[in-house]
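The values are calculated or read from the model by the stated rules, or taken from the named source; none is laboratory data. Given the structure is predicted, the values throughout are model-derived calculations rather than measurements. No Cβ is skipped: glycine too gets one built from the backbone with ideal geometry, and neighbour counts run over all protein chains shown. All accessible areas refer to the heavy atoms of the entire protein, side chains included, with ligands and DNA or RNA removed. Shrake-Rupley method; radii C 1.70, N 1.55, O 1.52, S 1.80 Å.
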Amino acid sequence: MIQLFNVRKSYGGVAPALLDITFSVKKGEFIFLTGPSGAGKTTLLKILYRTEKYDRGQVLVHGMNIGKIPDRKLYTLRREIGFVFQDYKLLAKKSVFENVAFAQEVIGADKKRIRFKTWEALKNVGLTHKKDSYPPELSGGEQQRVAIARALVNSPKIILADEPTGNLDPEISLEILKLFEHAKKRGVTVVFATHDQEMIRSRKHRVVVIKRGKLVAP
Amino acid sequence: MTTSAHTTISNIKTNLQVFLISVATITVAFSILGLFLVVFVNLNSFLTTWSKQVQLIVYLKDDISQNQRQGLEQLISANSDVESMTFIPRETAWANFKNTFSSNKSDFIDDLTFNPLPSSYNLKFKPSNDRFIKIHRFADLLKGRKGVESLEYGEKWLGAFEKFMLFIRIFLLAVGGLLTLGLILIISNTIKLSFYSRQEEIELMLLIGATPNFIRVPFMMEGMLQGLLGGIFALALIKFLQLYVKIQFQGSLESIARGMEFQFISQPFIFGLLASSVLIGWVGSFISIRQFLSPAHKK
């Protein structure tokens, strides 16, 4: 599902942000992407999502050579991927329901489908009772669950999560992790970036470790 | 298109304050341009009306012979630029003069035992761009004729008047051009501000798989709507001001130039103003959204 070959990325500093990264993720697999702060986890996820370009190597996502996708066609890649951000990226002026529905609206889904899929996604994350609330009225854990519902509402084949539990306490973090594992059970490929070693140890998912831009344990 | 219209309405509702500020800015900007046009149209019309009243008056000597008068009339009739010729006998001229000053009769008029005014021909010329030159040339031709006492056509101020009209037109066009340029900059910046207020939303749309057109079209529709509403409000404001000035000062204007009235901008100008407001809204949105969708910005 995801394949990286000798990927290198530099921001112009002395040491490259990523150096010769090669690994793959199978369809329906759940992996933890870990490493200390500044190791290159976010850069790697941004490359997979093509918000960053890489300097060298090759990246295949769902059979697409993402380096060759023109900017105007990037939406074709992004519709295959659900991205969950550490800072949630919810729109404060839209309600919970509207935030999740927004992901459906931007791909041009019809109203009936939007209502049905949004309700289903909110049900999966247990937030139907908060559908009319606005993000600032929610707790961190609830906001992250809305973000996950938004990432899942378009039934993506891949979920990329950048430290989705970084701002949450351990109990809530576990709940969030379970939501991603639930998605995996439905056949979604999940790349879960975290530096929470306790969480990683508590599960039996494959772990990819990056340190100073280099792959340590594939 | 329906989805885009729906998204546009939804965007406006969500960011109503920014939308209204943009519309208000466009209204103010176009009101300035519109007022400028009204001043231009009225000044132009005033000068044209005024210039139409210019006549060539040929004063005749008291001892002019019948032959000399006939010769003069033939010469005037032969001139194809002359629209009409009116002969005013000295008696009529004197009666008119006394009528005009009847309200403030002075002893001076009553004491006069003779008619001091000469007979005259009042010549009206056909409207044309070089009317003043033609009047001037014909006056030169008549000046040496026997039986002609003097000529009057405001030659002292005619040249200055022409120069003034040309200067005013060039000045108004130049200032109008600069004003339009300023407007485009103001409106483009206002629309850009409304984009900045939604930067987060646009970036998110790109991240979650919106096509560039899905983002572009509603914003451009919104820009055009802002422009159109701004244009309509500006026209309404100018119309209101024009009516106010007309009610207040129409009397004074008529005393200066008969038949002249405060005009609103003509239909082509109205459509032009509305079309340019929509166009500016569209251009402003296009420029702003292009910056947001450029690869450099996405990085």
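Points worth noting:
- Test: residue in the stretch B:242-255 that is at pLDDT 70 or above and surrounded by 21 or more Cβ atoms within 10 Å (Cβ to Cβ): no
- Residue check for A:Arg150: over 12 Å from the mean Cα position of the chain (by Cα), surrounded by 22 or more Cβ atoms within 10 Å (Cβ to Cβ) and more than 24 Å from A:Lys26 (Cβ to Cβ): no
- Residue check, A:Ile47 within 19 Å of A:Ala151 (Cα to Cα), modelled with pLDDT of 90 or more and of a type in the set (Val, Ile, Thr): yes
- Scanning the stretch A:16-47 for residues that are open to solvent by less than 10 Å² (accessible area, probe 1.4 Å), within 14 Å of chain B (Cβ to nearest Cβ) and either under 20 Å from A:His205 (Cα atoms) or touching an Asp or Glu at 6+ places or on another chain (Cβ under 8 Å) (or both) yields a count of 1.
- Checked against (1) under 33 Å from the mean Cα position of the chain (by Cα); (2) open to solvent by 40 Å² or more (accessible area, probe 1.4 Å), B:Val217 passes all but condition (1).
- Filter pass, B:Met205 being more than 30 Å from B:Val54 (Cβ to Cβ) and open to solvent by less than 20 Å² (accessible area, probe 1.4 Å): yes
- If you check A:Val191, A:Val216, A:Val208, A:Val153 for being touching a Pro at 6+ places or on another chain (Cβ under 7 Å) and of a type in the set (Val, Ile, Thr), only one passes: A:Val208.
- Filter pass, B:Leu193 being in contact with a Leu (Cβ under 9 Å, 6 or more places away or on another chain), closer than 30 Å to B:Gly230 by Cβ, modelled with pLDDT under 80 and outside any loop (DSSP other than H, G, I, E, B): no
- Cβ-Cβ distances below 7 Å connect the following pairs, each with a first residue in the stretch B:193-213 that is more than 7 Å from chain A (Cβ to nearest Cβ), a second residue that is open to solvent by 20 Å² or more (accessible area, probe 1.4 Å) and assigned to a helix (DSSP H, G or I), and a separation of six or more residues or different chains: B:Ser194/B:Val18; B:Ser197/B:Val18; B:Leu206/B:Lys298.
- Verdict on B:Gln226 being modelled with pLDDT under 85, under 35 Å from the mean Cα position of the chain (by Cα) and away from every other protein chain (no Cβ under 14 Å): no
- Qualifying residue in the stretch A:152-172 (condition: within 14 Å of chain B (Cβ to nearest Cβ), among the charged types (D, E, K, R) and outside any strand (DSSP E or B)): yes
- Every residue from the stretch A:126-135 that is more than 14 Å from chain B (Cβ to nearest Cβ) and open to solvent by 10 Å² or more (accessible area, probe 1.4 Å): A:Gly126, A:Thr128, A:His129, A:Lys130, A:Lys131, A:Asp132, A:Ser133
- The listed residues are A:Leu60, A:Leu77, A:Leu45, and the only one of them that is in contact with a strand residue (DSSP E or B) (Cβ under 8 Å, 6 or more places away or on another chain) and touching a residue at least 60 places away in the same chain (Cβ under 8 Å) turns out to be A:Leu45.
- Odd one out for A:Arg113, checked against (1) more than 14 Å from every other protein chain (Cβ to nearest Cβ); (2) in a helix (DSSP H, G or I); (3) more than 17 Å from the chain's Cα centre (by Cα): (1)
- Every residue from the stretch B:9-56 that is within 14 Å of another protein chain (Cβ to nearest Cβ) and within 23 Å of B:Ala234 (Cα to Cα): B:Ile9, B:Ile12, B:Lys13, B:Asn15, B:Leu16, B:Gln17, B:Val18, B:Phe19
- Count - residues of the stretch A:60-110 that are over 21 Å from A:Lys46 (Cα atoms), open to solvent by less than 20 Å² (accessible area, probe 1.4 Å) and more than 8 Å from every other protein chain (Cβ to nearest Cβ): 6
- Taking the criterion of being polar (S, T, N, Q) and in a loop (DSSP other than H, G, I, E, B), the residues of the stretch A:24-63 that qualify are A:Ser37, A:Thr51.
- Summed over the stretch A:78-101, the residues that are aliphatic (A, V, I, L, M) and in contact with a Gly (Cβ under 9 Å, 6 or more places away or on another chain) give a count of 1.
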